[in-house]
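Visitor: So that we are looking at the same thing, I have put the structure below in structure tokens.
The values are calculated or read from the model by the stated rules, or taken from the named source; none is laboratory data. Note that this is a predicted model, so its numbers are computed, not measured. In this analysis, Cβ positions are derived from the backbone assuming ideal geometry, glycine residues included, and neighbour counts consider all displayed protein chains. These area figures cover heavy atoms from the full protein model, side chains too; ligands, DNA and RNA do not enter into them. Shrake-Rupley method; radii C 1.70, N 1.55, O 1.52, S 1.80 Å.
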Amino acid sequence: MPPLHRLSFGPAGPPRLVDLPDGTQAWMVSRYADVRKVLTDSRFGRAGLHTADAPSLSGESGLVSSLDLIFNQDGEDHLRLRRTMRHAFTPRAVARWRPWIATIVEQCLDEFADSARPADLVAGFTLPLPVAVVSRLMGLDAKARERLRHWSQYAFSDGSHPEEEMASALAEFAAFGAELLAERRRAPGDDLTSVLVTAADEEGGVPESQLVDLVCGLVVGGHDSTMTMLGNSLLYLLGERPEVWPRLGADEEAAGALAERLLHLIPLGDDRGTARHVAIDTEVGGVVIPAGAVVLAECGTANRDPEVFPSRPFEDLFAPLAAPTLSFGAGAHYCLGAWLARLELQLALHRLAARFPGLRLAEPADEVEWHLGTTSRSPRRIAVTW
């Protein structure tokens, strides 16, 4: 199984029909302009994917397939949930979190420095850092922190978990979310969960089930995606681009540019398309896609579209992107945690390189074992020394 930075992507081209796992067909769009249109045009939604007669979508199970999840809401239902977080994840809000996030990064590095060598970079840094950040952000106690990885396996399941096992884990997770919300209503704090409870109650009309899924999604999404991105980025940098390590440690601004390029080029998993349902006949890239069709927006290919981006995208890792990345989506469903993910990755890469200038792999990158069973894929262990 190749590292995610080595995945091959076919050429971007006009919309075309492809087969879904259940044998029905969907329209695949892969050019940058076409993918942006699908992601930003309100005629392409998520709610229609979960009707009784909708086709099965590979990789969408667990929390990701919940009808109450904000990602699966359209129109006013989606906007109502989005308004509860309108001030939470803005660039300005995330900038205010920077001091305490930087402190957590240094604490994690202090502990990692005491590791016996060779040390595991996953157990020592790429996992504990985002868990600590999301725990501080959402106001989680030690017991909840210990269950995060377990819940993530089922929240982002690729469908390979037994049905009964999945139902039990998700029920436990939902009960945790409901209790967390109840606690913050009784005794609000300065954490994001308290902010969301207050905002949702002021907004009115937000079903409790949707609020539970929102909090649960932030809890698992807030650490899993960052852990995955950080682990895959470090596997690539240490294994194939050690020459950039000194600059990464010396220049925080350069680390930010590099982080943006890695977010753009290294996907979180092997699944290529983000699905939408089109409400009415709509023209995309010169092709009319009929009402009721499923459309797969292939962001990885679009992020390499030669009409927009250079043909050798990994050549200059510090160059600014020619156009906004589609890795966080676009439009109404643009990733809520995009600015937080950028900041965590920038600080983590910069400070790790600064503190450990001699960091190097202790085992070949091709021998890495992968976390499987979820829609994301990351190394189970990265053995390093310095």
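Visitor: Which one, Gly124, Ala178, Ser168, projects farthest toward the positive side of the charge dipole computed for the range 92-189 from Cβ point charges (K/R +1, D/E -1)?
Guide: Checked the options; the winner is Ala178.
Visitor: Further question on the same structure: Could you please state, rounded to a whole Å, how far the C-alpha centre of the range 165-199 is from the C-alpha centre of the range 246-323?
Guide: Cα centroid of the range 165-199 versus Cα centroid of the range 246-323: 33 Å apart.
Visitor: If you roll a 1.4 Å probe over the heavy atoms of the protein chains, what accessible area per residue do you get for the chain, in Å²?
Guide: Per residue, the chain has an accessible area of 43 Å².
Visitor: Here's another thing I want to ask about it. Taking a ≥ b ≥ c as the square roots of the eigenvalues of the Cα gyration tensor of the range 75-136, is the shape rounded (a/c under 1.5), prolate (a/b larger than b/c) or oblate?
Guide: prolate
Visitor: If a/c stays under 1.5 just call it rounded; otherwise compare a/b with b/c (prolate if a/b is bigger, oblate if not). Do that for the chain, with a ≥ b ≥ c from the square roots of the Cα gyration tensor eigenvalues.
Guide: On the way: a/c = 1.61, a/b = 1.14, b/c = 1.41.
It comes out oblate by the Cα gyration axes.
Visitor: Using helices alone, what [θ] at 222 nm do you get for the chain, with -39,500 (n - 2.57) per DSSP H run of 4 or more residues, divided over all residues and rounded to the nearest 500?
Guide: Taking each H run of at least 4 residues, the total per residue is -15000 deg cm²/dmol.
Visitor: Going 7 Å from the Cα of Ala102 toward and past its Cβ, which residues in the range 253-281 have a backbone nitrogen under 13 Å from where you end up?
Guide: In the range 253-281, the label zone of Ala102 (backbone N under 13 Å from the point 7 Å along Cα→Cβ) covers 253.
Visitor: Just check the range 278-335 against the gyration tensor rule for me: Cα atoms, a ≥ b ≥ c as the square roots of the eigenvalues, rounded for a/c under 1.5, and otherwise prolate or oblate depending on whether a/b exceeds b/c.
Guide: Note, shape of the range 278-335 comes out prolate.
Visitor: Once neighbouring chains are kept in place and the probe is 1.4 Å, which whole percent of the accessible area of the chain is contributed by carbon and sulfur?
Guide: 53 percent
Visitor: Let me spell out the model: positive unit charges on the Cβ of Lys and Arg, negative unit charges on the Cβ of Asp and Glu, origin at the Cα centre of the range 19-167. What dipole size does that give, in debye rounded to 20?
Guide: On the way: 18 positive and 21 negative charges, 213 e Å.
Roughly 1020 debye, rounded to the nearest 20.
Visitor: In nm, to one decimal, how far is the Ala93 label point from the Gln25 one, both placed 7 Å along Cα→Cβ?
Guide: Simple spin-label model gives 4.3 nm for this pair.
Visitor: Can you give the Rg and Dmax of the range 260-361 based on its C-alpha atoms, in angstrom?
Guide: 17.2, 57
Visitor: Taking 0.36 nm per residue of separation and subtracting the Cα-Cα distance, what length does fully extending Trp386 through Thr198 add?
Guide: Between Trp386 and Thr198, full extension yields 62.9 nm more.
Visitor: Give the span of the range 170-215's Cα atoms along each principal axis, as three whole-Å numbers ordered largest to smallest.
Guide: So the extents along the principal axes, rounded to whole Å, are 27, 22, 15.
Visitor: Also, quick follow-up: How big is D for the range 42-175, in µm² s⁻¹ as a whole number, if Stokes-Einstein is applied with the Kirkwood radius of its Cα pairs at 10 °C and 1.306 mPa s?
Guide: It comes out at roughly 89 µm²/s.
Visitor: Follow-up question, since we're still on this one. Could you calculate the contour length gain from Glu76 to Arg117, that is, 0.36 nm times the residue separation minus the distance between their Cα atoms, to one decimal place in nm?
Guide: Values: separation 41, 0.36 × 41 = 14.76 nm, distance 5.37 nm.
Residue separation times 0.36 nm, minus the Cα-Cα distance, leaves 9.4 nm.
Visitor: In a solvent-free Debye calculation with one equal scatterer on each Cα, what is log10 I(q)/I(0) for the range 310-384 at q = 0.22, 0.23, 0.24 Å⁻¹, listed in the order of the q values?
Guide: -1.30, -1.27, -1.24
Visitor: Residues with beta-carbon under 14 Å from that of Ala12, excluding Ala12: net charge, scoring Lys, Arg +1 and Asp, Glu -1?
Guide: Here the count lands on +2.
Visitor: What's the longest bit of the chain with no exposed GluC sites (Glu not before Pro), using DSSP loop states and at most 14 other Cβ atoms within 10 Å as the test?
Guide: 1-306
Visitor: About its Cα centre, how strong a charge dipole does the chain have in debye, to the nearest 20, once Lys and Arg get +1 and Asp and Glu get -1 at the Cβ?
Guide: I would put it at about 940 debye.
Visitor: Can you give me the relative contact order of the chain as a percent, contacts being Cα pairs under 8 Å and 6 or more apart?
Guide: About 29 percent, as a whole number.
Visitor: Select from the chain the helices, each a whole stretch of DSSP H, whose alpha-carbon atoms run 24 Å or more along the helix axis and whose Kyte-Doolittle mean is at least -1.0; answer none if there are none.
Guide: Both cut-offs are met by 91-113, 163-186, 208-240, 338-355.
Visitor: How much length is gained if the chain between Glu179 and His50 is pulled fully straight, taking 0.36 nm per residue apart and subtracting their Cα-Cα distance, in nm to one decimal?
Guide: Result for the pair: 43.7 nm of gain on full extension.
Visitor: OK, next. Give the Kirkwood hydrodynamic radius (Å, one decimal) of the range 100-173, defined as one over the mean of 1/r across all pairs of different Cα atoms.
Guide: On the way: mean 1/r = 0.0712 Å⁻¹.
14.0 Å is the Kirkwood radius here.
Visitor: Between Glu369 and Phe314, how many nm apart are label points set 7 Å from Cα along the C-beta direction?
Guide: 2.5 nm
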